[in-house]
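Take a look at the structure below.
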Amino acid sequence: MVDRRPRRRRLLRRTPLVLWLTAVWVLLWGTFDVGTLFFGLVVALLVSVLFPSPMIRTGMVLRPLPGLRLVAYLAWDLVVSTLRVAWQAVRYRHAATAGIVAAHLSVDSDHLIAIIASGVTLAPGKFVLQIDRATSTCYVYALGFREGDEESVRQEMRLLERLVVDAVGSEAQRELVGRDAG
């Protein structure tokens with residue numbers, strides 16, 4: 001008799017991918033009805049079975065409450081950054097200032113650094129130009145930058161790092177970021 005538990009586990013691990021591909025299918029068609037949803041699910045299942053991607057062990061654990069805090073921070077940052085960029089455009093027009101700040105991160109995980117860099121880049125007015133993996137340093141471009149604003153950009157990076165690590169980091173990473181913050 002063949003044990004089907006490992007196969008079921010593999011299929012369960014692919015569920016988020018199938019759901020994501022189905023959502024993309026529905027969004028691409030631009031209509032939400034039973035037929036679009038059904039065929040999106042069929043296509044997603046075919047893609048995930050015919051072109052299986054290897055399972056990547058990230059060591060990340062999603063914590064719901066810190067995850068909601070991260071989402072709330074990103075949403076708030078999106079609103080504030082949009083207003084800040086609009087003010088820069090109206091007030092200074094073509095004379096708006098900008099700068100690049102090197103911000104050192106405590107974590108050394110490619111996945112976490114990518115999430116942090118994406119979080120910075122999500123809102124207008126700031127984005128990560130380069131990541132130096134050897135030193136875990138992000139070079140952040142900031143619009144509306146004035147002399148002496150370096151530390152505020154670094155503090156925002158540390159806050160985002162702490163929120164990301166609290167939401168999905170390992171216990172060791174949480175301790176490391178908590179120790180570096182204090």
Residue count, region 86-116 (criterion: among the hydroxyl-bearing types (Ser, Thr, Tyr), surrounded by fewer than 16 Cβ atoms within 10 Å (Cβ to Cβ) and either outside any helix (DSSP H, G or I) or in contact with a helix residue (DSSP H, G or I) (Cβ under 8 Å, 6 or more places away or on another chain) (or both))
1
Of (1) over 27 Å from residue 65 (Cβ atoms); (2) surrounded by 18 or more Cβ atoms within 10 Å (Cβ to Cβ); (3) of a type in the set (A, V, I, L, M, F, W, C); (4) at pLDDT 95 or above, residue 160 satisfies every one except (1)
Is there a residue being under 16 Å from the mean Cα position of the chain (by Cα), of a type outside the set (Val, Ile, Thr), closer than 25 Å to residue 57 by Cα and part of a strand (DSSP E or B) anywhere in region 164-180?
no
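Residue under question is residue 58, and the condition is that it be open to solvent by less than 70 Å² (accessible area, probe 1.4 Å) and either under 23 Å from the mean Cα position of the chain (by Cα) or of a type in the set (A, V, I, L, M) (or both); does it hold?
Working: open to solvent by less than 70 Å² (accessible area, probe 1.4 Å): yes; either under 23 Å from the mean Cα position of the chain (by Cα) or of a type in the set (A, V, I, L, M) (or both): yes.
So residue 58 fits the description; yes.
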Under 30 Å from residue 148 (Cα atoms) and either at pLDDT 90 or above or not in a helix (DSSP H, G or I) (or both): is that true of residue 83 in this structure?
yes
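Search region 117-148 for residues being part of a strand (DSSP E or B) and among the charged types (D, E, K, R), and hand back the single one that is surrounded by the fewest Cβ atoms within 10 Å (Cβ to Cβ). Working first, answer last.
Going residue by residue through region 117-148, those that are part of a strand (DSSP E or B) are 126-132, 137-143.
Now restrict to residues that are among the charged types (D, E, K, R): 126, 132.
Details: 126: 24, 132: 12.
Filtering region 117-148 for residues that are part of a strand (DSSP E or B) and among the charged types (D, E, K, R), the one surrounded by the fewest Cβ atoms within 10 Å (Cβ to Cβ) comes out as 132.
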Against the condition modelled with pLDDT under 80 and under 25 Å from the mean Cα position of the chain (by Cα), how does residue 12 come out, does it pass?
yes
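Quick one: would you say residue 65 is open to solvent by 40 Å² or more (accessible area, probe 1.4 Å), outside any loop (DSSP other than H, G, I, E, B) and touching a Cys at 6+ places or on another chain (Cβ under 9 Å)?
no
The values are calculated or read from the model by the stated rules, or taken from the named source; none is laboratory data. The model shown is predicted, which means the values in this text are computed figures rather than measured ones. Note: ideal-geometry Cβ built from the backbone for every residue, glycine included; neighbour counts use all protein chains shown. All accessible areas refer to the heavy atoms of the entire protein, side chains included, with ligands and DNA or RNA removed. Shrake-Rupley method; radii C 1.70, N 1.55, O 1.52, S 1.80 Å.
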